[in-house]
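To start, the structure itself, in structure tokens.
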Amino acid sequence: MNLDKKLAVISDFHMDINQFSRDELDIFLSVLTELGITDIHFAGDISNAFHSLTVPFLRQLATDRNLSVTYNLGNHDMVGLSEKEISEHDFQVKMFGKTAFVSFHGWYDYSFLTGDFDVKKVVAFKNSFYFDRKIRRAFDDIKTTGLILTKLENLLTELSARSDVERIIVSTHFVPHQHFIINTRYEKFARFNAYLGSQHFHEIFLKFPKVSDVIFGHIHHRMTAVSTDNINYHARPLGYTYEWKMVSQFLKLYSQYQIPEIWHLRKRYQAIKDLPEWKEFRRQHLADEFLSALTVFDF
């Protein structure tokens, strides 16, 4: 039995896209140390290069800091992996006393789309423009998600029947509840809801009262925890640098660098990313950014 453990979960780390230096990764480790974290879990989208970047990084974390390191995959992690490799890392269970920590990748089945829609157009858009066109799954999205839902229900049934399991915490990458989808009247953006996740994950969780918390990412919007149907949902992804809270903080402090299209996150970041003032600001505030993206559980 593992006692006196402290688990931190972070999603959408994107270590390559965010161009983390060795010093910045050390800042992340220092945050974990200061919090007294014993176990760190990455809930998907660690990098775009699983074998060459992610695996060495996770191994170094475990070795250098004596951390227990676990993960589930996100869509970015799956690029270049076979279905067999994806499955090998799926559906893991780790016990913290009488709490079972379940992690699985997740996927999507277009169930977040509203009204009438043409499945063929949804698939065509994905295969032409969306990032996930680079991923080769064995089956189509709806069947893939259906298989995952079956495995998830079977695993939760097994865990719920165990007398040594009093609580279940779940980590996944994709969105498990419609509360978190993109609410917009613009079809251009609403179409991305198809690839966010599935409402059916929540429907599965509802069958098991021992499920207390679900952590996920993928949407790149940090929110306060939302409790619905006695389940606490945590969405605190780190996301891309241009989405970070510190960019807004920087522009508030250095208003001379604001651009007219301040609403355009990428453009406003492009306008400051090479400034010496920004680089120093990032160095000073990166620990706070990491901290705001962590979901922590004490056991």
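Rule-based calculations on the coordinates, nothing more; no lab input. Just so we're clear, the structure is a prediction, and the values are computed from it rather than from any experiment. Because the Cβ atoms are built from the backbone with ideal geometry, glycine has one as well, and the counts that use them run over all protein chains shown.
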Residue list for segment 213-246, restricted to those being touching a strand residue (DSSP E or B) at 6+ places or on another chain (Cβ under 6 Å) and surrounded by fewer than 17 Cβ atoms within 10 Å (Cβ to Cβ): MET223, ALA225, VAL226, ASN232
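To keep it simple, each residue is scored yes or no on (1) closer than 30 Å to PRO209 by Cα; (2) of a type in the set (A, V, I, L, M, F, W, C).
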residue: ASN232; (1), (2): yes, no
residue: GLY239; (1), (2): no, no
residue: LEU251; (1), (2): no, yes
residue: GLN258; (1), (2): no, no
residue: ARG268; (1), (2): no, no
residue: ARG283; (1), (2): no, no
residue: LEU286; (1), (2): no, yes
residue: PHE290; (1), (2): no, yes
Condition met for SER11 (closer than 15 Å to LEU291 by Cβ and among the polar types (S, T, N, Q)): yes
Neighbours by Cβ (under 6 Å, 6+ apart or cross-chain): first from segment 44-61, crowded, with 19+ Cβ neighbours inside 10 Å; second part of a loop (DSSP other than H, G, I, E, B) and polar (S, T, N, Q): GLY44/SER11; THR54/SER47
Segment 247-267: number of residues that are surrounded by 15 or more Cβ atoms within 10 Å (Cβ to Cβ) and either within 24 Å of the chain's Cα centre (by Cα) or assigned to a loop (DSSP other than H, G, I, E, B) (or both): 2
Qualifying positions in segment 63-84 - surrounded by 14 or more Cβ atoms within 10 Å (Cβ to Cβ) and either of a type in the set (Ser, Thr, Tyr) or in a helix (DSSP H, G or I) (or both): SER68, THR70, TYR71, ASN75, HIS76, ASP77, MET78, GLU83
Qualifying residue in segment 214-224 (condition: assigned to a helix (DSSP H, G or I) and either over 17 Å from the mean Cα position of the chain (by Cα) or among the basic types (Lys, Arg) (or both)): no
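Kindly provide the set of residues from segment 145-173 that are within 30 Å of ALA124 (Cα to Cα) and crowded, with 17+ Cβ neighbours inside 10 Å, ordered by number.
In the first step, residues of segment 145-173 are kept if they are within 30 Å of ALA124 (Cα to Cα); the result is 145-152, 171-173.
The answer is THR145, ILE148, LEU149, LEU152, SER171, THR172, HIS173.
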Odd one out for ASN154, checked against (1) free of Cβ contacts under 8 Å to residues at least 60 places away in the same chain; (2) polar (S, T, N, Q); (3) part of a loop (DSSP other than H, G, I, E, B): (3)
Residue pairs meeting the criteria (Cβ under 6 Å; at least 6 apart or on separate chains; first under 13 Å from MET223 (Cα atoms), in segment 233-246; second in a loop (DSSP other than H, G, I, E, B) and of a type in the set (A, V, I, L, M, F, W, C)): HIS234/ALA225; ALA235/MET223; ARG236/ALA293; LEU238/PHE13; LEU238/ALA293
